[in-house]
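J.: Encoded as C-alpha cells, here's the structure I'll be asking about.
The values are calculated or read from the model by the stated rules, or taken from the named source; none is laboratory data. Just so you know, these numbers come straight off a predicted model, no measurement behind them. Because the Cβ atoms are built from the backbone with ideal geometry, glycine has one as well, and the counts that use them run over all protein chains shown.
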Amino acid sequence: MEALSKLLYQGTTEAHRAAENTPYMLALFQGKLSQEAYRLWLVRFHAVYTALEKATEALRDDPRVGVLHLPQLHRTEAIERDLAHFYGRDWRQALETSPATDAYVARLNRVRDEWPLGLVPHHWIRYAGYLHGGATLGKMLATTYGLSESEGTAFYDFAQIDDTHAFVGEYHARMNAIPVAEDDIPTLVAEGNQAFNGNAAITVELGETFG
C-alpha cells in the first residue's frame, strides 16, 4: 500500500483546488482582500483550530492518532495574538460564529468522538500546507496590509520549529507510520475531501459577506 500522505494528496486534489479558488481566496492571494475581510477569516478559523487542537489533546494517548499530538504546530495562540493586533485587547468580543464554521467544528467534534482516525486528514490539511508555504503567505499579507514583522502574521510563524523542511519530513513519517487498513483508505480520503469542503464553505460564506 502506498504512503498515506500520498494517497490523501492524490485523493483530495480536486477538492483542494476548489478550496484554493473560491473568490475570497483568489482575492487573498492577489492582495485584493480588505483587512476587514481577512480579520474575519482569523475569527472563523480561531474556532476551527481551537476544536482541532482540543481534539488532538484529548487523543494524545490514542494508539494511532496520538503520534500527531505536536503542540509546536498549534495555531490557536498565534491566531489570538493576531486577533489582539487587529482588534485590540478586547478581541474576544469580535469572536462570532457562522453556519459554515459551526458545521466544520461539529464535524471535527463528531470525528473525535466517533472515529478518531478520521482526524488524521484534518490535521494534515490544517498544518502541512502552512508549514510548506506559510512564511511566504505571511510576508505577502504583511506587505498587503502594511504590517511590521510579527505583528498580525503570527499564524504563519512556526516559531518552535527550527528547520521547517526537516520537520515536514518527520511529520509525514509519523503520519505514514500510523497503522491503517486498506479498507480505511477510501474513508480517510473522503474525510480529507470533507475537510477541504469545510474550508471552502467558510471562505465562500466570507466572500458572500464581503461581496
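J.: Pull up the stretch 1-12, narrow it to residues that are of a type outside the set (D, E) and part of a loop (DSSP other than H, G, I, E, B), then point me to the one that is nearest to the chain's Cα centre (by Cα).
T.: If we take residues in the stretch 1-12 being of a type outside the set (D, E) and part of a loop (DSSP other than H, G, I, E, B), then T12 is nearest to the chain's Cα centre (by Cα).
J.: Which one is surrounded by the fewest Cβ atoms within 10 Å (Cβ to Cβ) among residues in the stretch 81-100 that are assigned to a loop (DSSP other than H, G, I, E, B) and not basic (K, R)?
T.: Filtering first and then ranking leaves D90.
J.: Which of the following residues is in contact (Cβ under 8 Å) with a residue 24 or more places away in the chain, acidic (D, E) and part of a helix (DSSP H, G or I): E53, E36?
T.: Result of the check over E53, E36: E36.
J.: Tell me which residues, restricted to the stretch 49-59, are surrounded by 19 or more Cβ atoms within 10 Å (Cβ to Cβ) and charged (D, E, K, R).
T.: Of everything in the stretch 49-59, just one residue is surrounded by 19 or more Cβ atoms within 10 Å (Cβ to Cβ) and charged (D, E, K, R), namely E53.
J.: Anything in the stretch 78-91 that is touching a residue at least 60 places away in the same chain (Cβ under 8 Å) and under 16 Å from F158 (Cβ atoms)? List them, or say none.
T.: A78, I79, R81, D82
J.: Within the stretch 42-66, which residues are out of contact with any Gly (no Cβ under 9 Å at 6 or more places or on another chain), basic (K, R) and more than 30 Å from V204 (Cβ to Cβ)?
T.: Correct list: R64 only.
J.: Then there is this: Go through the stretch 101-116 and report how many residues are crowded, with 17+ Cβ neighbours inside 10 Å and either over 30 Å from N176 (Cα atoms) or charged (D, E, K, R) (or both).
T.: Selection size over the stretch 101-116: 2.
J.: Has the stretch 142-149 got any residue that is in contact with a Phe, Trp or Tyr (Cβ under 8 Å, 6 or more places away or on another chain) and aromatic (F, W, Y)?
T.: Yes, that holds for at least one residue.
J.: Next question, about the same structure. Using the structure shown, decide if L188 is crowded, with 18+ Cβ neighbours inside 10 Å, over 17 Å from L52 (Cβ atoms) and not charged (D, E, K, R).
T.: In short, no.
J.: Right, N176: surrounded by fewer than 17 Cβ atoms within 10 Å (Cβ to Cβ) and either at pLDDT below 95 or within 18 Å of the chain's Cα centre (by Cα) (or both) or not?
T.: Considered against the rule, which asks whether it is surrounded by fewer than 17 Cβ atoms within 10 Å (Cβ to Cβ) and either at pLDDT below 95 or within 18 Å of the chain's Cα centre (by Cα) (or both), N176 comes out as no.
Results for (1) outside any helix (DSSP H, G or I); (2) surrounded by fewer than 20 Cβ atoms within 10 Å (Cβ to Cβ); (3) at pLDDT 95 or above; (4) of a type outside the set (V, I, T), shown as yes or no for each residue.
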position: E14; (1), (2), (3), (4): no, yes, yes, yes
position: Y24; (1), (2), (3), (4): no, no, yes, yes
position: L42; (1), (2), (3), (4): no, no, yes, yes
position: A47; (1), (2), (3), (4): no, no, yes, yes
position: D61; (1), (2), (3), (4): yes, yes, yes, yes
position: Q72; (1), (2), (3), (4): no, yes, yes, yes
position: I79; (1), (2), (3), (4): no, no, yes, no
